[in-house]
1. Using a 1.4 angstrom probe and counting only protein chains, how large is the accessible area of residue 190 in Å², to 10?
2. At 7 Å along the Cα-to-beta-carbon direction for both residue 206 and residue 321, put a label point, then send me their distance in nm to one decimal.
3. Pulled fully out, how much extra length does the chain show between residue 296 and residue 107, if you take 0.36 nm times their separation in residues and subtract their Cα-Cα distance?
4. What nm value, rounded to one decimal, do you get for the distance between residue 281 and residue 162 when each label is placed 7 Å out toward the C-beta?
5. Say the cut-off is 29 Å between C-alpha atoms; which of 100/211; 144/295; 104/194; 194/295; 172/267 go over it?
6. How far apart, in nanometres, would the label points at residue 171 and residue 189 be if each is projected 7 angstrom from Cα along the Cα-to-Cβ direction?
7. Please give the peptides 306-317, 78-89 ranked by average Cβ packing (other Cβ atoms within 10 Å per residue), highest first, as a rough proxy for protection.
8. Compute the semi-axes of the equivalent ellipsoid of region 103-184, taking the square root of 5 times each eigenvalue of the Cα gyration tensor, and list them largest first in whole Å.
Amino acid sequence: MGKMGKGKGKKRKQEQQALQAKKAKKAESSAPIRPARTLTGWKDADADASDDHGIQAEAQAHNSSPFRNKEKVLVTCSRRINFRYRHLMLNVVSLLPHSKKDSKVESKETKGATLNELIDLRNCSSCLFFECRKAKDLYLWMVKSPSGPSVKFLVNAVHTMEELKLTGNHLKGSRPILSFSTNFDDSPHWKLVKEMLTQIFGTPKEHRKSKPFHDHVFVFSIVDDHVWFRNYQISVPHNEMDKVDKGGLDKMTLIEVGPRFCLNPIKIFGGSFGGPTLYENPFYVSPNQIRALEKKKKASKYVTKVKAKTRRKIHEMENALVPDEFADLWKED
């Protein structure tokens, strides 16, 4: 028993000496460099170098890859819209192959939030909202979602394709050439309107619903602070071999297709369907004020008629005719 106890004591001493030697070695050796910490855990130096190389490669690939336009436009209208304005909306949808048509939206104060949600659900970046009020006045909201800006127009001089019956005709889904008048570059608000028209009405290249042809022109011109829209077909003369002559492009003509409409800008907002006012048209007069002035003119005509009748009666009473003594001469008894 005494030998067994001595053996255990020797083992404990040896273990203690080994632990002390390990502690001394750790104290003498310098502490290792702590690796950088990331969101996913600790990062080694080799992994860090490889990640930097991968980031640089992705950046180079992104810079080398061409920009692809993925513009999609949501086209919708408010409830209780007039039939002519609904036909105009359908004409615009047929001209834009990158557009998406949706159901009608109630024209209320909360229409902005509803439409922003619809734009997000349909995976669109822009919106054309035709808002009809009193079944007479048509307003067009041209919006970039979700950050803005947005432009509100009053639509005048509406003529649809069915109404005009013009002879022009072009391929459905073909890409248009956008033509702007030179006075779009005169002031900042017209430059903003031009950029929004370019992004919304310009069909993206290689869109799945578009055709790789340019056979019509969208013309936007500013006259009397209004934007006038026209759509023309590009007609090129052909010879007997059904090929374009070398000098045939000089003889190219434009044939109007339709529709026609005029946009009167009211306000430009910084956000989507609202936000800070960037521009307000000082020459804008609402249709309600115009109708009120017309009613006043009609009412003034009626008032002048009534006043003339009363003056005539007063004149007849003041200047009564003397009875004629020969008035009843030839009357028989």
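The values are calculated or read from the model by the stated rules, or taken from the named source; none is laboratory data. Everything quoted here is computed from the prediction, not taken from an experiment. Positions of Cβ are backbone-derived with ideal geometry, glycine not excepted, and every protein chain shown enters the neighbour counts. These accessible areas exclude ligands, DNA and RNA; they are computed on the full protein's heavy atoms, side chains included. Shrake-Rupley method; radii C 1.70, N 1.55, O 1.52, S 1.80 Å.
1. Counting only protein heavy atoms, residue 190 exposes about 20 Å² to solvent.
2. 9.5 nm
3. 65.1 nm
4. In this crude label model, residue 281 to residue 162 measures out at 2.7 nm.
5. 144/295; 194/295; 172/267
6. Spacing of the two 7 Å Cα→Cβ label points: 4.0 nm.
7. Details: 306-317: 9.7, 78-89: 17.2.
Ranking, from highest mean packing down: 78-89, 306-317.
8. 26, 19, 15
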